[in-house]
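Data block below; observations after.
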Amino acid sequence: MKKKLLLIELNEFNLKFLKKGSKKYKCKNLLYLLKNLKYCRTFTKDKTQDYNLDPWVQWVSIHTGKNSTKHKIKRHGEILNKKIEQIWDVLSKYKISSCVWSPPNGVLRKKIKIFFPDPWSFKQIAYPKYLNNYLFLPRYYANNYTDFKFITLLKYFFLFIFNFAFTIYFKSFLKFVPNVMMILFKSGLSNFSLFFIFDIINLYIFKHYLEKKKTNFNLIFLNSLAHFQHNNWDKPELEKFYFEYTDKIAAIILELKSLHNAIILTNGFSQKKINKKFIIRNKNPEKFIKFLNFKYQKVQPNMTNGGMIFFNSDVDKFVALNKLKNLRLFGCKFIKTEIKKKSIYYELDLKFKKKIDHNIKNSFNSIKSYVIDKPLKLPSKTDFEQSRKISKMLSFLKTTSRHTSNGDLFFYGINIKKKNIENHQIFSQIKSYFLNK
């Protein structure tokens, strides 16, 4: 077999939680995977969540071999400097083929055999073009997950499933469907289940195409474990279902491992469990920006509580910036902004101990007691009425974890001598595996 390396990017999993649960729920595939791979720790010098300690920053460091101060990517959907090469760009120079699936902020430059973009990288398209049939569904959901049209979602869902049905692993997934239905019956239809199901299907599709194209370097990014920890870590009743899904992911990874000489499985960095809190986000970013009544070209939402606003002129941009900076919610400035060349990045910046009800009359005192880390001033009647209108356009996202600077890396068939490596050094480990004789 020619050199073949599999990079599994299992985003942000907490190793202690994974080990404890795999034993408790007897996850044979996960236990086998953790016991039979070598291990080293990873770390990043980045420390600030929502700035540089985020997946769309750290995975770019891993893919480029450059830390965040050098690659300068801060947000998802940003375009990497053309002079900075990704690992698949470097390997393609030496005619080493790649299958790259959903890399955060990954860019397709020279054609590689398979490139399926991160759905949040809105300008990237899949290659070959027929893979875009798998992209329409997650990309539409990424753009509209707080306020989607059911008909449109259903159309893209059937297009996705129709194409999946023609892969050789569709039958393998069908065998898992009874387990899925049992989990859904017990836990209910929720985002955490949908994310796991999506990752499992993606693994099957990924396996189908890397076998079809016989590629040497194969990368897939999976986000379901991170999503559960961020949003459902306070629900022990869901743990069993989490580990059933995760064990299925581990089973497919073991199948993929058998097709390669070497494997790297890493989380990029980890998460730490916290007491739950709530952050606010737009139900519909487009309607929210329209309500603020300034001129703009388009709105591109991010994963949680903000996004990018694009403008036709600098005048429009600075009028909007002034309004965003001075807008108040119940007496408090609640929007952070960062100005770009043709756009403004905005983020709703209020955290709550509990959800608030915008219909409660004279509710300022109760709201004040719920807000975390922000002093609120009693608003005027006009400000209070505007705040109630704004709050009707907002929803609450529960968060149960925060990011940490340390991570974990499991490996097999590749010579990693260090016990501790910085994220961007994973790039050189992969490069050395293929190019050093």
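The values are calculated or read from the model by the stated rules, or taken from the named source; none is laboratory data. Given the structure is predicted, the values throughout are model-derived calculations rather than measurements. In this analysis, Cβ positions are derived from the backbone assuming ideal geometry, glycine residues included, and neighbour counts consider all displayed protein chains. What goes into the accessible areas is simple: the full protein's heavy atoms, side chains included, and nothing from ligands, DNA or RNA. Shrake-Rupley method; radii C 1.70, N 1.55, O 1.52, S 1.80 Å.
What percent of all Cα-Cα pairs in the stretch 300-358 falls in each 10 Å bin, counting up from 0?
Distribution as computed: 21, 48, 24, 6 percent.
If you take every residue apart from Lys74 with its C-beta less than 9 Å away from the C-beta of Lys74, what net charge results, scoring Lys and Arg +1 and Asp and Glu -1?
Around Lys74, the surrounding residues sum to -1.
Have a look at the DSSP beta bridges in the chain and tell me what percent are antiparallel, nearest 5.
The answer is about 65 percent antiparallel.
Mind ordering 271-283, 196-208, 147-159, 54-66 by average Cβ neighbours within 10 Å, highest first?
Ranked from most to least packed, the peptides come out as 54-66, 196-208, 271-283, 147-159.
Leaving out ligands, DNA and RNA but keeping every protein chain, what accessible area does Glu85 have, in Å² rounded to the nearest 10, with a 1.4 Å probe?
Here the accessible area works out near 70 Å².
Return the inverse of the average 1/r over all pairs of distinct C-alpha atoms in the stretch 2-66, which is the Kirkwood hydrodynamic radius, in Å to one decimal.
Answer for the stretch 2-66: a Kirkwood hydrodynamic radius of 14.3 Å.
With helices defined as uninterrupted DSSP H runs, which ones in the chain have an alpha carbon span along their own long axis of at least 30 Å and mean Kyte-Doolittle hydropathy of at least 0.0?
Correct list, ordered by number: 191-213.
Give the aspartates and glutamates reachable from Lys45 as a straight Cα distance under 20 Å; neighbours fewer than 8 places away on the same chain don't count.
Output for Lys45: Glu9, Glu12, Asp54, Asp408, Glu422.
Give a residue-ordered list of calculated ³J(HN,Hα) values for the stretch 281-288 (Karplus: 6.51 cos²θ - 1.76 cosθ + 1.60, θ = phi - 60°; whole Hz; x for Gly, Pro).
Rounded to whole hertz, the list is 8, 6, 5, 9, x, 4, 5, 5.
Given the C-alpha centroids of the stretch 138-187 and the stretch 1-22, what is the distance between them in whole angstrom?
24
Over 25 Å between C-alpha atoms is what I'm after, so list which of Lys83/Lys298; Lys368/Lys389; Lys113/Lys207; Lys47/Lys342; Lys20/Lys212; Lys325/Lys392 land there.
Lys83/Lys298; Lys47/Lys342; Lys20/Lys212, as the Cα separations exceed 25 Å there.
In Å and whole numbers, how far do the C-alpha atoms of the stretch 1-151 stretch along each principal axis, longest first?
Answer, in whole Å and largest first: 46, 42, 38 Å.
Between the stretch 260-284 and the stretch 43-114, how far is it from one alpha carbon centroid to the other, in angstrom?
For the stretch 260-284 versus the stretch 43-114, the Cα centre distance is 18 Å.
Which distance in Å, rounded to a whole number, links the C-alpha centroids of the stretch 415-432 and the stretch 218-258?
Using only Cα atoms to place each centre, the spacing works out to 24 Å.
With a probe of 1.4 Å, find how much accessible area the chain has per residue, and write the answer as a whole number in Å².
Normalised by residue count, the accessible surface of the chain is 49 Å².
Please go through the residue pairs Lys66/Lys110; Lys95/Lys417; Lys72/Lys123; Lys66/Lys431 and name each one whose alpha carbons sit more than 23 Å apart in this structure.
Pairs exceeding 23 Å: Lys95/Lys417.
From largest to smallest, what semi-axes in whole angstrom does the chain give when each is the square root of 5 times an eigenvalue of its alpha carbon gyration tensor?
38, 25, 22
Work through the residues other than Ser313 whose Cβ is under 12 Å from its Cβ and net out their charges, Lys, Arg +1 and Asp, Glu -1.
Charge balance in the 12 Å sphere: +1.
Which value, in debye to the nearest 20, gives the size of the charge dipole of the stretch 1-123 about its Cα centre, when Lys and Arg are +1 and Asp and Glu are -1 at the Cβ?
Using only the charged Cβ atoms, the result is roughly 620 debye.
Restricting to DSSP H runs of at least four residues, report the calculated mean residue ellipticity at 222 nm for the chain, -39500 (n - 2.57) per run over all residues, nearest 500 deg cm²/dmol.
Helix contribution divided over all residues of the chain: -13000 deg cm²/dmol.
Per the 1.4 Å probe, what fraction of the accessible area of the chain, in percent, lies on carbon and sulfur atoms?
The C+S portion of the solvent-accessible surface of the chain is 55 percent.
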